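Notes to accompany the following structure.
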């Protein structure tokens, strides 16, 4: 089954069951099974409700919008592809209607992730980064390093990559590993800001 034939839905929360549009090419949606397990872990850590969420390489926006459905206060979604960013905007409008929420609580930033991180003055509590599998290790480290100053003290960063990928260089980025888990061909790392001193 190709990605464009898969159905992506909000799994839980106020917009549960809502179907999301997915770009026809160029993105790799996180499977429902991985999202369900991931959010189960995040909710047990009590980091979703009321969180300021950042979804990097957003694709359809499914990760950030799942967090919004589950009670996140705001979601910033960064996507470089113009067609994908347009789909994220449509998905935001759909989820906002289901939540009875202001669409402004979720914002799309169309452009490169690294540029957004360098310009941003926001502070984030929960960050999803699911870069293209072909993003090289140096670029991944540069993104995480630029992200670190934008994190709240108890923030969680979720990094999703192919199982065969080199693990992210968290130390170089000023982050510490919380846990990691493999789901089929996908590996997920949870990280937090490194404690200084």
Of all residues making up the range 57-66, the number that are touching a residue at least 60 places away in the same chain (Cβ under 8 Å) and either out of contact with any helix residue (DSSP H, G or I) (no Cβ under 8 Å at 6 or more places or on another chain) or in a helix (DSSP H, G or I) (or both): 2
Counted residues, the range 170-197 - those being surrounded by 15 or more Cβ atoms within 10 Å (Cβ to Cβ) and in a loop (DSSP other than H, G, I, E, B): 1
Residue in the range 75-91 that is touching a helix residue (DSSP H, G or I) at 6+ places or on another chain (Cβ under 6 Å), within 19 Å of residue 192 (Cβ to Cβ), crowded, with 16+ Cβ neighbours inside 10 Å and modelled with pLDDT of 95 or more present: no
Among residues of the range 140-156, those that are assigned to a helix (DSSP H, G or I) and surrounded by 14 or more Cβ atoms within 10 Å (Cβ to Cβ), counted: 10
Candidate set from the range 16-51 (those that are buried (at least 19 other Cβ atoms within 10 Å of the Cβ) and either modelled with pLDDT under 90 or assigned to a strand (DSSP E or B) (or both)); member that is farthest from the chain's Cα centre (by Cα): 18
Failed condition for residue 160, given (1) at pLDDT 95 or above; (2) assigned to a strand (DSSP E or B); (3) touching a helix residue (DSSP H, G or I) at 6+ places or on another chain (Cβ under 8 Å): (1)
Residue, surrounded by the fewest Cβ atoms within 10 Å (Cβ to Cβ), within the range 92-123, restricted to residues that are part of a strand (DSSP E or B) and touching a strand residue (DSSP E or B) at 6+ places or on another chain (Cβ under 6 Å): 107
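The values are calculated or read from the model by the stated rules, or taken from the named source; none is laboratory data. Keep in mind the model is a prediction, meaning the values are calculated, not measured. FYI the Cβ positions are ideal-geometry reconstructions off the backbone, even for glycines, and counts take in every protein chain you see.
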